[in-house]
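S.K.: Got a structure here, written out as structure tokens. Questions coming.
The values are calculated or read from the model by the stated rules, or taken from the named source; none is laboratory data. All of these numbers come straight from a predicted model, not from anything done at the bench. Here the Cβ is made from the backbone with ideal geometry for all residues, glycine too, and neighbour counts use every protein chain on show. Heavy atoms of the whole protein, side chains included, go into the accessibility calculation; ligands, DNA and RNA do not. Shrake-Rupley method; radii C 1.70, N 1.55, O 1.52, S 1.80 Å.
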Amino acid sequence: MLEVSNARKVFYRGKPDEKVALNDLSLRLATGEFGIIIGSNGAGKSTMLNAISGALPLDSGSVVVGNEDVTALPVHERAAHITRVFQDPMKGTAASMSIAENMLLAELRGQKRTLRPGLTAARRDLYRERLSVLGLGLEDRLDARVDLLSGGQRQSLSLVMAVSTSPQLLLLDEHTAALDPRTADIVMAATVRAVEKFRLTVLMVTHNMQHAIDFGHRVFMLDAGRVKLEIGPEEKRGLTVPDLISHFSTKADRMLLAS
């Protein structure tokens, strides 16, 4: 479960370029729900994710994950509850390490242990099982260096690493935006399989309006740092891309998304 209540964040307070990034933003996801976040550039999407993950402290408001108020927790303590996959496929993995070593690194995050002695036969079997969910054949390449993988394979590995600790909340930060359309579809399919298998609560930011329609249970549109529109499961079933685009504030945004 995720509940963000009256979240407020102001940058450069009291200065000429003061910016209200989050303006009493509130949203709620039930346990196991998949929420989609859309909005124009500058709407507050990245600020919201940073506030939820703990990377950015709120000026006021609260963040509750799994019935625990994590508002005052720093990012490394929230990592026990929240994991995140970023837009850049290179950001979530260690390039010079093998797939198996990266999987172990994710599993033992925050613990002081050496890597190689921990790669037991039982762990390797577990990693093969988890990677097989992707349908990309990575389960047969455990000893391959991560820098030899394609962008889509690497992003899919980041996804499996993020869910390996069964987080209470998974944040997907435009995790297909840097990929070509075919690879983005492969990663989204892998995402759905992982979300369903591990029964995760998910919040995904995307600029892809078709993905916003095709995936998840509900859509939240952000504008000027708050939720402008929430579309629930029933209404979402009949939604079209033009429907979504029509809610954007400016003509420039609508033209860009329609192109």
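S.K.: Among the residues of region 215-236, is any open to solvent by 40 Å² or more (accessible area, probe 1.4 Å), modelled with pLDDT under 90 and either more than 15 Å from the chain's Cα centre (by Cα) or within 26 Å of A162 (Cβ to Cβ) (or both)?
M.R.: No, there is no match, as no residue in region 215-236 is open to solvent by 40 Å² or more (accessible area, probe 1.4 Å), modelled with pLDDT under 90 and either more than 15 Å from the chain's Cα centre (by Cα) or within 26 Å of A162 (Cβ to Cβ) (or both).
S.K.: Would you check if there is a residue in region 195-208 being crowded, with 20+ Cβ neighbours inside 10 Å, modelled with pLDDT under 90 and in a helix (DSSP H, G or I)?
M.R.: Among the residues of region 195-208, at least one is crowded, with 20+ Cβ neighbours inside 10 Å, modelled with pLDDT under 90 and in a helix (DSSP H, G or I), which makes the answer yes.
Yes/no per residue for (1) modelled with pLDDT under 95; (2) under 30 Å from D243 (Cα atoms); (3) surrounded by 17 or more Cβ atoms within 10 Å (Cβ to Cβ):
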residue	(1), (2), (3)
I37	no, yes, yes
T47	no, yes, yes
D59	no, no, no
V63	no, no, yes
D88	yes, yes, no
L104	yes, no, yes
R109	yes, no, no
L115	yes, no, no
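S.K.: Can you name every residue in region 171-187 that is surrounded by fewer than 23 Cβ atoms within 10 Å (Cβ to Cβ) and either modelled with pLDDT of 90 or more or under 12 Å from the mean Cα position of the chain (by Cα) (or both)?
M.R.: D173, E174, A177
S.K.: So E77 ticks every box in (1) open to solvent by 50 Å² or more (accessible area, probe 1.4 Å); (2) part of a loop (DSSP other than H, G, I, E, B) but one. Which box is left unticked?
M.R.: Single failed check for E77: (2).
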